[in-house]
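Engineer: Encoded as structure tokens, here's the structure I'll be asking about.
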Amino acid sequence: MRVTTRMLTSQVASQIMANAEAMQQTQRQLTSGKRITRPGDDPAAAAAGVRMRAQQSRDAQYLRNIEHARTWLDTTDRVLSDVGDLLGRARELAVQASTGTFTKGDTAQLAEEIDAIRNQIISAVNGTVDVDQHVFSGQKSDVLPLVLDSNGNASYQGDTGVTVTATSDGGGDLISANGVTQI
């Protein structure tokens, strides 16, 4: 085969064009800071990058969930500790009142203090909110956990996760707790 000047010129021109394209690709990578600027540059690496970004997004969500759970638990722990202290004080007052050495005026003062402790506990439980959700309301986190009726009696308005269903004989033997049914 005879090599002509035209063939040599054509081959040199195509190599120059290929080098120019490679240089443009390198410049795009340098300016963008990315090795892959389009999926066609390296399809396998592009797919791996997509998987890694998806995993990174999931990991970031896991970390946000962990932080939210930690905040929720810290809030719950703090309130329960305060309620425990208040109940300890109420127990002390009840033991003092059970001795029978107090006058009616003293027991009335004790009753007022116990009523104040009860109101503090109700206020602490109802006031415990994390991200617009009442911590002690169970799955009904949009309602106040404890509500006082007209007589001053507190009733729980949240969700315990336990449902008692009446059976055909009028009993209440079927119990469902968090999706698990027990007969």
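Engineer: What FRET efficiency would be calculated for the residue pair L63, T4, taking the C-beta separation as r and a Förster radius of 45 Å, to the nearest 0.05? Before the final figure, lay out the partial values.
Structural biologist: Details: r = 67 Å, r/R0 = 1.49.
Taking R0 as 45 Å, the efficiency between L63 and T4 is 0.10.
Engineer: Rounded if a/c is under 1.5, else prolate if a/b beats b/c, else oblate: with a ≥ b ≥ c from the C-alpha gyration tensor eigenvalues square-rooted, which is region 1-83?
Structural biologist: prolate
Engineer: If you don't mind, there's one more thing I want to ask. GNM on the chain, C-alpha springs below 10 Å: top fluctuator among Q109, Q55, Q25?
Structural biologist: Evaluated over the chain, the most mobile residue of the options is Q25.
Engineer: I need the calculated FRET efficiency for the pair D42 and Q133, taking r as the beta carbon distance and R₀ as 45 Å, to the nearest 0.05.
Structural biologist: Numbers: r = 46 Å, r/R0 = 1.02.
Efficiency at R0 = 45 Å is approximately 0.45.
Engineer: Show me, bin by bin at 5 Å from 0, the whole-percent P(r) of the chain based on Cα pairs.
Structural biologist: 1, 6, 7, 8, 8, 8, 8, 7, 6, 5, 4, 4, 4, 4, 3, 3, 3, 3, 2, 2, 1, 1, 1, 0, 0, 0
Any read-out appearing in this document is the output of simple, stated calculations on the displayed coordinates, not a laboratory observation. Keep in mind the model is a prediction, meaning the values are calculated, not measured. Cβ: placed from backbone, ideal geometry, glycine included. Neighbour counts: every protein chain shown.
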